[in-house]
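Data first, discussion second: the structure below is written as structure tokens.
The values are calculated or read from the model by the stated rules, or taken from the named source; none is laboratory data. Just so it is clear, the model here is predicted, and its values are computed rather than measured. Quick note on the areas: whole protein, heavy atoms, side chains included, nothing else; ligands and nucleic acids left out. Shrake-Rupley method; radii C 1.70, N 1.55, O 1.52, S 1.80 Å.
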Amino acid sequence: MLERAVAETPRPFVYRASGITTLRGRTMDQDTLERIAATLNAASTNYSVFLKLYEVKAVEPTDSVALVQMALGAGATLGGIEEAQAEAVWPGVKDALLYVGDAGAGPSRAVFESEQFMSLVERLEKQVDTTIKTSTKVESFWLKAGHPAYPVFWDFALIFRREAGAVIFMGASSD
């Protein structure tokens, strides 16, 4: 009976690869990100959104470069990193998600009139706020090489440090 109960208990993770776990059901969740990306990608013109969340479990304090490479692989080369001001994190993410594009590329204008989309953005805002509040430090970084997406119109990459490990939140849009 106990084995059955354990098997039916929902797991907080979507998948595990190379010691990195994509989050689900935590302060930020991949499901919300996937729904936002799918909504922005639907009926878009030359526009594709990538949103990804990684959790890196580190046993001891680890430098940020190592955390990023643990999440993205050894080919990830940082071009720069800096401490982010907590109050600037959400406005930067929100500006990216609400990017309207132009006549040749961008999300459908109807997306921004959708109550469902705006509800997802509000949910993500609360999740980002909670993640910031549970972090010991927030850093912003950019990659010279090894980006998991192909940023064209916008991108962001954030490290939410914790006592043991970090959550890495990345987003980008391309054509």
Check Thr45: other-chain or 5+ apart residues with amide H under 5 Å from its amide H, H built from backbone geometry?
Gly106, Ser108
With every protein chain present, what accessible area does Asp155 have (1.4 Å probe, heavy atoms only), rounded to the nearest 10 Å²?
80
How big is the shadow of the Cα convex hull of segment 60-154, averaged over all directions, in nm²?
7.6
Taking a 1.4 Å probe, which of Tyr99, Tyr47 shows the most accessible area, and what order do the others take after it?
Tyr99, Tyr47
Solvent-accessible surface (1.4 angstrom probe) belonging to Lys126, in square angstrom, nearest 10
140
Karplus-derived 3J(HN,Hα) from phi for segment 146-156 (6.51 cos²θ - 1.76 cosθ + 1.60, θ = phi - 60°), whole Hz, x at Gly and Pro, runs x, 5, x, 10, 10, x, 10, 8, 7, 7, 8
Amide H proximity to Leu143 below 5 Å, modelled H, separation 5+ or other chain, gives Gly79
Leaving out ligands, DNA and RNA, and with a 1.4 Å probe, what % of the accessible surface on segment 76-175 is carbon or sulfur?
48
If you count only protein heavy atoms with a 1.4 Å probe, what accessible area per residue comes out for segment 62-147, rounded to a whole Å²?
54
